[in-house]
1. May I ask you to list the residues in the stretch 62-84 that are farther than 19 Å from TYR104 by Cα and acidic (Asp, Glu)?
2. Looking at GLN112, GLN99, which one is assigned to a helix (DSSP H, G or I), without any contact (Cβ under 8 Å) to a residue 60 or more places away in the chain and closer than 27 Å to ASP143 by Cα?
3. Please find, within the stretch 92-115, the residue that is nearest to the chain's Cα centre (by Cα) out of those that are within 13 Å of GLY49 (Cβ to Cβ) and of a type in the set (S, T, N, Q).
4. Can you tell which of GLU83, GLU75 is farther than 25 Å from ASP143 by Cβ, of a type in the set (Asp, Glu) and modelled with pLDDT of 95 or more?
5. Conditions: (1) over 14 Å from the mean Cα position of the chain (by Cα); (2) aromatic (Phe, Trp, Tyr); (3) within 14 Å of SER106 (Cα to Cα). PHE13 meets all but one. Number of the miss?
6. What's the number of the only condition in (1) in contact with a Phe, Trp or Tyr (Cβ under 7 Å, 6 or more places away or on another chain); (2) surrounded by fewer than 15 Cβ atoms within 10 Å (Cβ to Cβ); (3) at pLDDT 95 or above that LEU96 fails to meet?
7. Which residues, counting only those in the stretch 122-152, are closer than 19 Å to LYS48 by Cβ and either exposed (fewer than 10 other Cβ atoms within 10 Å of the Cβ) or at pLDDT 90 or above (or both)?
8. Under 8 Å between Cβ atoms, at least 6 apart or on separate chains: pull out the pairs that start in the stretch 18-33 with a residue that is closer than 9 Å to VAL114 by Cβ and end on any residue that is assigned to a helix (DSSP H, G or I) and of a type in the set (Asp, Glu).
Amino acid sequence: MTLVLEEFLPYRFNRLAEALSRNASIAYKTEYGLTRPEWRAFALLGQKGTMTATEISYFSTMHKTKVSRAIFALEQKRWLVREVDENDRRLERISLTEQGKRAYESLVPKMQRVESELISSLGKENSEALFKGLTALEELYLDEKTASRSRKAD
């Protein structure tokens, strides 16, 4: 028995996700010099507001080490600030600075254009089928909290 890796669905998803991320990274890497982990942490903070590093790690599915490095790099850009939680001094609440918010507001339309171009290139029928399939897979393999977020985006 042989497994044809190029036809194995998880492998195909992984390759495609890598290619899509690489394509999208041009927008934030060229203009802002962000790495993928920095972009993910930055985008989450822009979307959700104040978060902990653990929350960023959970929602981005990045290891806490990558999240820590991303937070440090964004802090060096003066795009975020850390504040010790008043109720639990072990936690830091992380949020965007005014400079970070301006960068986020500038970058979001560019990232939305990248997504729109991708969806447009698929056409209506294929994009609808893609979103339907993604939703079905998310419901099967992601926890309810994450899956419900994805369904709301449809």
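1. GLU83
2. So the residue among GLN112, GLN99 that is assigned to a helix (DSSP H, G or I), without any contact (Cβ under 8 Å) to a residue 60 or more places away in the chain and closer than 27 Å to ASP143 by Cα is GLN112.
3. SER95
4. Sole residue among the options that is farther than 25 Å from ASP143 by Cβ, of a type in the set (Asp, Glu) and modelled with pLDDT of 95 or more: GLU75.
5. Answer for PHE13: the failing condition is (3).
6. (2)
7. Of everything in the stretch 122-152, those that are closer than 19 Å to LYS48 by Cβ and either exposed (fewer than 10 other Cβ atoms within 10 Å of the Cβ) or at pLDDT 90 or above (or both) turn out to be GLU138, ASP143, GLU144, LYS145, LYS152.
8. ALA24/GLU115
The values are calculated or read from the model by the stated rules, or taken from the named source; none is laboratory data. Everything quoted here is computed from the prediction, not taken from an experiment. Please note: Cβ atoms are built from the backbone with ideal geometry, for glycine as well, and neighbour counts cover all protein chains shown.
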